[in-house]
1. Any chance the stretch 218-237 includes a residue that's over 22 Å from the mean Cα position of the chain (by Cα), open to solvent by 30 Å² or more (accessible area, probe 1.4 Å) and either of a type in the set (D, E, K, R) or closer than 27 Å to PRO126 by Cβ (or both)?
2. Determine whether LYS296 is under 28 Å from VAL39 (Cβ atoms), open to solvent by 40 Å² or more (accessible area, probe 1.4 Å) and either charged (D, E, K, R) or under 14 Å from the mean Cα position of the chain (by Cα) (or both).
3. Right, VAL39: surrounded by fewer than 21 Cβ atoms within 10 Å (Cβ to Cβ), on the phi < 0 side of the Ramachandran plot and modelled with pLDDT of 50 or more or not?
4. Right, SER87: among the hydroxyl-bearing types (Ser, Thr, Tyr) and open to solvent by less than 10 Å² (accessible area, probe 1.4 Å) or not?
5. Answer with yes or no whether VAL324 is of a type in the set (Val, Ile, Thr), open to solvent by less than 70 Å² (accessible area, probe 1.4 Å) and modelled with pLDDT of 95 or more.
6. Being part of a helix (DSSP H, G or I) and at pLDDT 90 or above is true for just one of ALA18, ALA27, ALA33, ALA62. Which residue is that?
7. Have a look at PRO242, PRO311, PRO306, PRO272 and point out the one that is out of contact with any Leu (no Cβ under 6 Å at 6 or more places or on another chain) and surrounded by 16 or more Cβ atoms within 10 Å (Cβ to Cβ).
8. Restricting to the stretch 157-189, and then to whatever is over 19 Å from ALA199 (Cβ atoms) and in contact (Cβ under 8 Å) with a residue 40 or more places away in the chain, can you tell me which residue is least open to solvent (accessible area, probe 1.4 Å)?
Amino acid sequence: MKKKGESRLFKMFGMLLALLLTPVVFAVSGFAAADPYPVKPIRLIIPFPPGGSNDIVGRLIAAKLSESLGKQIVIDNRGGAGGVIGSEMAAKSAPDGYTLLIASAAYGFNPALYKLPFDPVKSFVPIAKLGSGPNSLTVHPSVPANTVKELIALMKAKPGQMICGSAGVGSFQHMGTELFKMMAGVDFKIVQFKGGGPAMIDQLGGHSQFSFGSLIQTLPHVQSGKFRILATGGLKRSAALPNVPTISEAGVPGYEATNWWGILAPAGTPAPIAEKLSQEIKTVLGSAEVKALFQKEGADVDYLGPAEFGPFIEKEITKWGKVVKEANIKVE
């Protein structure tokens, strides 16, 4: 039979042990509660209208990532101001992993073009770079030019008269267009639209005679015969169109305009969530099916993780800032 003092001692020891174990229990249960991410649908903001390259890549990745994560990725197109409106919305969203942003080369142009309502580096956490692809020089079938040199000859015969559609001031399409103007020494009229989709519609109708849209968005129209492609804007020929020359090969030596796409999350997004998303995306991009889908669209898978993608974005901002300044491009 235990003595009264001994019983009291065991009781006190039991209480102390319970107090010591309580934080461990809460920590384990807290980890278990946080572990199942995601537990609800995730919103992917695409800061451009439907139909453009950002939209095409965003929907492709959303579909595959939904399967991988087991939760739906909901597309939210928020076009306007060269992608600034949608980007601002993403930057000001809760940093809980349930709002993501698809960024592209335009994200690197915007700091030189706009007074941004967010910091392009500090307002986001880089998740992953998805891929890259060149622009393409396509003409409406009514244009009497089958090569880049023939198109340049038409432009020089009618300076300022030919019409080129663009996805908006400061877009990747616009930058590639202005670069061509400068390097080819030609003049033509640029008509700006609110995204690559509307620009393509205008060209399909024959109102715009040509454009420098991303190959990923123009390729279906090339394959259907609605556009005629003269060249692509990468440093090497596209695997999707190996018989089509680059713009550099075809008459404008040194020309290069390549788009890229990646995923960002609002600053403050927990590191474990950002890492999980990045690894899931890496797995998705590593599948033969997704690589084939990218190539079918005229682009290539080009994964970079958070540690590499962040510095890449900063270099893009510096690089294109110089182009904007030299070309004196201004948002009206």
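1. Checked against the condition, which is being over 22 Å from the mean Cα position of the chain (by Cα), open to solvent by 30 Å² or more (accessible area, probe 1.4 Å) and either of a type in the set (D, E, K, R) or closer than 27 Å to PRO126 by Cβ (or both), the stretch 218-237 yields at least one hit.
2. Working: under 28 Å from VAL39 (Cβ atoms): no; open to solvent by 40 Å² or more (accessible area, probe 1.4 Å): yes; either charged (D, E, K, R) or under 14 Å from the mean Cα position of the chain (by Cα) (or both): yes.
No; evaluated as a whole, the condition is false for this residue.
3. Working: surrounded by fewer than 21 Cβ atoms within 10 Å (Cβ to Cβ): yes; on the phi < 0 side of the Ramachandran plot: yes; modelled with pLDDT of 50 or more: yes.
Against the criterion (surrounded by fewer than 21 Cβ atoms within 10 Å (Cβ to Cβ), on the phi < 0 side of the Ramachandran plot and modelled with pLDDT of 50 or more), VAL39 qualifies.
4. Details: among the hydroxyl-bearing types (Ser, Thr, Tyr): yes; open to solvent by less than 10 Å² (accessible area, probe 1.4 Å): yes.
In short, yes.
5. On the way: of a type in the set (Val, Ile, Thr): yes; open to solvent by less than 70 Å² (accessible area, probe 1.4 Å): yes; modelled with pLDDT of 95 or more: no.
For VAL324, the condition - of a type in the set (Val, Ile, Thr), open to solvent by less than 70 Å² (accessible area, probe 1.4 Å) and modelled with pLDDT of 95 or more - is not met.
6. On the way: ALA18 fails: at pLDDT 90 or above; ALA27 fails: at pLDDT 90 or above; ALA33 fails: at pLDDT 90 or above.
Of ALA18, ALA27, ALA33, ALA62, the one residue that is part of a helix (DSSP H, G or I) and at pLDDT 90 or above is ALA62.
7. On the way: PRO242 fails: surrounded by 16 or more Cβ atoms within 10 Å (Cβ to Cβ); PRO311 fails: surrounded by 16 or more Cβ atoms within 10 Å (Cβ to Cβ); PRO272 fails: surrounded by 16 or more Cβ atoms within 10 Å (Cβ to Cβ).
Only one candidate passes the filter, namely PRO306.
8. So the residue we want is ALA184.
The values are calculated or read from the model by the stated rules, or taken from the named source; none is laboratory data. All of these numbers come straight from a predicted model, not from anything done at the bench. Cβ sites come from the backbone with ideal geometry, for glycine too, and all protein chains shown count toward neighbours. Quick note on the areas: whole protein, heavy atoms, side chains included, nothing else; ligands and nucleic acids left out. Shrake-Rupley method; radii C 1.70, N 1.55, O 1.52, S 1.80 Å.
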